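K.L.:
Here it is: the structure, laid out below.
The values are calculated or read from the model by the stated rules, or taken from the named source; none is laboratory data. Note that the structure is predicted; figures quoted are calculated from it, not measured. So basically every Cβ, Gly included, is an ideal-geometry build from the backbone, and we count neighbours across all protein chains shown. These accessible areas exclude ligands, DNA and RNA; they are computed on the full protein's heavy atoms, side chains included. Shrake-Rupley method; radii C 1.70, N 1.55, O 1.52, S 1.80 Å.
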Amino acid sequence: MTLNAADLAFLDMLSARLPADTLRRPDPRYLEEPRGRYHGQAAAVALPRSLDEVAAVIQAAHSARVGVVPYGGGTGLVGGQVMPEGPAPILLSLERMRAIRAVYAEENVIVAEAGAVLAEVQSAAQQAGRLFPLSLAAEGSARIGGNLSTNAGGVNVLRYGNARDLCLGLEAVLPTGQIWNGLTRLRKDNTGYDLRNLLVGAEGTLGVITAAALKLSPVPASPGTAVFTVTDPRAAIRLLSMARDAVAEGVSAFELIHRQGLEFLAETLPELRQPFETRPEWCVLIDLGLGRGQNAEDALADLFAEALEAGLSDDGVIAQSEAQRGALWSLREHIPEANRRIGSVSSHDISVPISRIPDFIPAGRAAIAQLDPDLRINCFGHLGDGNLHYNVFPGPGKNRTDYDPLRGEVKRIIHDLVAEYDGSISAEHGIGRMKVEDLRHYGDPAKVAAMQAIKQALDPHGIMNPGAVVPALALTSGS
């Protein structure tokens, strides 16, 4: 059990260890999260400028048994960055630690501090003639430390992997305040337990990431983007297989979009031009990145011809310029914003084995219709890696508050079905605070017990992001 950071003796002691402008009262933005499900609290916000200052905050909190909630860009969708109840914590923001420390173009490595915004890392890589492929809708505000702490996915996982796959080494402060200098650029380092992979995805419960060595990739010589209609998700999977047979790992992204998502875009963001006069029931957004001597537009044209002959697609648009590529991607990237404006009853970031997706989608629709036939489902996401955003919305003319009594039941129906189909209740958003009980219920008991044991071993006082990720039943308070 942590103690209240608002105790004046603690704040005075911490202030004495830090430069004068490091601690401040929390602005409202630090206590909010994008979906408005949680409102956080904090005795103060710490804004360190260096690794040593981060260590000083953690050392003080460890000694006083005060909770610390690490804060990145505030874009997390499962409440990991806000603590709504319990003793008031210290909020630790690394927004002042945003330097790009080095770029090693020949090694395909960039070293960035945790407070660097994802778009800044992408830009620094681009200036060096390289690509940092992690890409997601919030890249203009999400920070690298948060991306790693939540093991962010995004649209390019199919080809490049998620944040964990893009990380070579870390610099971090552990829960006792001890500094771990693991900022290696090595691709091979087989020296025992991999602390990097332990901290990536831990959502700040096992320490604070302060910097990272990240993998870069060559910039594709011939990029290409297209949107094709498909008859159904099974046809989309066949089309994905065709695409990979044709260009192998040249398929960077393969996104599934349902008509409901296009209708939400038309309703809330009518200024966005849509590619089809009649909105299809299903379509896919395909992104290719090919090497020298290859032409992505020709490859997409050949793919469409093959899909048309096989009866998988009957219409498509292939981008002829960067502006057209951007316009097609803008549609996909604005679906979450359209969803937010409509207001979901319950949102589900899930993954299902790819071959089972065509059966899962209608099974979920049928189960929700039995609960209330007016509920609308916007199913979209990263088909190439099995990650669906299976979100349930109010019926026409209603809002999400009308369905508050059903929200828990909607989530249970979808998550039960995910478990039945051997999937995961969290594909890329993490556990945060929103899904702790879901992890307890659906998680493998041996895995949950191991997580609890690791948490207890590394953070015996339970100060790091209290209440997030790890079900607390088996934890002790430490000594």
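K.L.:
Calculate, in nm to one decimal, what Ala119 and Asp404 gain on full extension: separation in residues at 0.36 nm each, minus their alpha carbon distance. Numbers along the way, then the final one.
P.N.:
On the way: separation 285, 0.36 × 285 = 102.60 nm, distance 3.61 nm.
My answer for the length gained is 99.0 nm.
K.L.:
In segment 407-479, how does Rg compare with the Kirkwood Rh, expressed as the Rg/Rh ratio over alpha carbon atoms? Working shown, then result.
P.N.:
Values: Rg = 13.4 Å, Rh = 13.2 Å.
Taking Rh as the inverse mean 1/r over Cα pairs, Rg/Rh reads 1.02.
K.L.:
OK, next. Which semi-axes, in whole Å and largest first, does the equivalent ellipsoid of segment 325-479 have when worked out from the alpha carbon gyration tensor as the square roots of 5 times its eigenvalues? All intermediate terms of the calculation are to be shown ahead of the outcome.
P.N.:
Values: eigenvalues 194, 63, 58 Å².
Square roots of five times the eigenvalues give 31, 18, 17 Å.
K.L.:
Per residue, what accessible area does segment 178-281 have, given a 1.4 Å probe and all protein chains present, in Å²?
P.N.:
Details: 4950 Å² over 104 residues.
That works out to 48 Å² per residue.
K.L.:
Dipole of the chain, Cα-centred, from +1 at each Lys and Arg C-beta and -1 at each Asp and Glu C-beta, to the nearest 20 debye?
P.N.:
Numbers: 44 positive and 56 negative charges, 230 e Å.
It works out to roughly 1100 debye.
K.L.:
Which stretch or stretches of segment 217-256 have amide N atoms under 17 Å from the point lying 7 Å from Asp298's Cα along the Cα→Cβ direction?
P.N.:
221-225, 246-248, 250
K.L.:
So what's Rg/Rh here for segment 40-103, counting alpha carbon atoms and using the Kirkwood radius for Rh?
P.N.:
1.00
K.L.:
Can you compute the charge dipole magnitude of segment 178-332 about its Cα centre, using +1 on each Lys and Arg Cβ and -1 on each Asp and Glu Cβ, nothing else charged? Give it in debye, rounded to the nearest 20.
P.N.:
Working: 14 positive and 21 negative charges, 177 e Å.
It comes to approximately 860 debye.
K.L.:
At a temperature of 10 °C and a viscosity of 1.306 mPa s, determine how fast segment 1-147 diffuses translationally according to Stokes-Einstein, using the Kirkwood radius over alpha-carbon pairs as Rh; express D in µm²/s, rounded to the nearest whole number. Show your work: numbers first, answer last.
P.N.:
Values: Rh = 16.2 Å.
Calculated translational D: 98 µm²/s.
K.L.:
Which listed residue (Val54, Tyr160, Pro28) has the Cα farthest towards the positive end of the charge dipole for the chain, taking +1 on Lys and Arg C-beta and -1 on Asp and Glu C-beta about the Cα centre?
P.N.:
Val54
K.L.:
From the backbone phi of segment 310-322, what are the Karplus-calculated ³J(HN,Hα) couplings (6.51 cos²θ - 1.76 cosθ + 1.60, θ = phi - 60°) in whole Hz, Gly and Pro given as x?
P.N.:
Ordered by residue, 3J(HN,Hα) equals 7, x, 8, 9, 10, 7, x, 10, 10, 4, 9, 7, 5 Hz.
K.L.:
How many percent of the accessible area of the chain is carbon or sulfur, using a 1.4 Å probe?
P.N.:
On the way: 10100 of 20280 Å².
In the chain, the share of accessible area belonging to carbon and sulfur is 50 percent.
K.L.:
For segment 253-316, with the dipole built from +1 on Lys and Arg beta-carbon atoms and -1 on Asp and Glu ones, taken about the Cα centre, which of Leu288, Ala305, Thr278 lies farthest toward the positive end?
P.N.:
After comparing all options, I get Leu288.
K.L.:
So, one more: If the cut-off is a Cα-Cα distance under 18 Å, which lysines reach Lys455, setting aside same-chain residues fewer than 8 apart in sequence?
P.N.:
Lys435, Lys447
K.L.:
Roughly how many debye, to the nearest 20, is the charge dipole of segment 28-154 about its Cα centre, given +1 on each Lys and Arg Cβ, -1 on each Asp and Glu Cβ, and no other charges?
P.N.:
Values: 10 positive and 11 negative charges, 39 e Å.
In total the dipole reaches around 180 debye.
K.L.:
Divide by every residue of the chain the summed helix terms, -39500 (n - 2.57) for each DSSP H run of at least 4, and state the resulting mean residue ellipticity at 222 nm, rounded to the nearest 500 deg cm²/dmol. Don't skip to the end; give the middle numbers.
P.N.:
Working: 14 runs with 159 residues, N = 479.
Taken over the chain, the calculation gives -10000 deg cm²/dmol.
K.L.:
Per residue of segment 72-86, in order, report the coupling 6.51 cos²θ - 1.76 cosθ + 1.60 (Karplus, θ = phi - 60°) as ³J(HN,Hα) in whole Hz, putting x for Gly and Pro.
P.N.:
Working through the residues one at a time gives x, x, x, 8, x, 10, 10, x, x, 9, 10, 10, x, 8, x Hz.
K.L.:
Tell me the Kirkwood radius of the chain: reciprocal of the mean inverse pair distance over distinct alpha-carbon atoms, in Å.
P.N.:
For the chain, the Kirkwood estimate is 23.5 Å.
K.L.:
Hey, what did segment 343-454 get for relative contact order, percent, Cα under 8 Å, at least 6 apart?
P.N.:
On the way: 147 pairs, mean separation 39.8, N = 112.
Here the relative contact order equals 36 percent.
K.L.:
Return the sequence-ordered ³J(HN,Hα) values of segment 379-394 in whole Hz as given by the Karplus equation 6.51 cos²θ - 1.76 cosθ + 1.60 applied to θ = phi - 60°, using x for Gly and Pro.
P.N.:
9, 8, x, 8, 4, x, 10, x, 9, 10, 9, 9, 9, 10, 10, x
K.L.:
Which FRET efficiency, nearest 0.05, do Phe276 and Gln178 yield, Cβ-Cβ r, R0 60 Å? Walk me through the intermediate numbers first.
P.N.:
Details: r = 57 Å, r/R0 = 0.94.
Between Phe276 and Gln178 the formula returns 0.60.
K.L.:
Could you order peptides 15-25, 424-434 by the average number of other Cβ atoms within 10 Å of their residues, highest first? Please list the in-between numbers first.
P.N.:
Details: 15-25: 12.8, 424-434: 22.9.
Taking the mean over residues of other Cβ atoms within 10 Å, the ranking is 424-434, 15-25.
K.L.:
Among Asn190, Leu216, Ala137, whose Cα lies farthest out toward the positive end of the dipole of segment 127-222, if unit charges sit on the beta carbon of Lys, Arg (+1) and Asp, Glu (-1)?
P.N.:
Going by the Cα projections, it comes out as Leu216.
K.L.:
Once amide H atoms are placed 1.01 Å from N in the peptide plane, what residues at a sequence separation of 5 or more from Thr210, or on another chain, have their amide H within under 5 Å of its amide H?
P.N.:
For Thr210, whose amide H was placed from the backbone, the distant partners under 5 Å are Glu171, Ala172, Val173.
K.L.:
Here is a follow-up. To the nearest 0.05, what FRET efficiency results for Ala446 and Ala137 with a Förster distance of 22 Å applied to their C-beta separation? Intermediate values should be presented prior to the final figure.
P.N.:
Details: r = 35 Å, r/R0 = 1.58.
Computed FRET efficiency for Ala446 and Ala137: 0.05.
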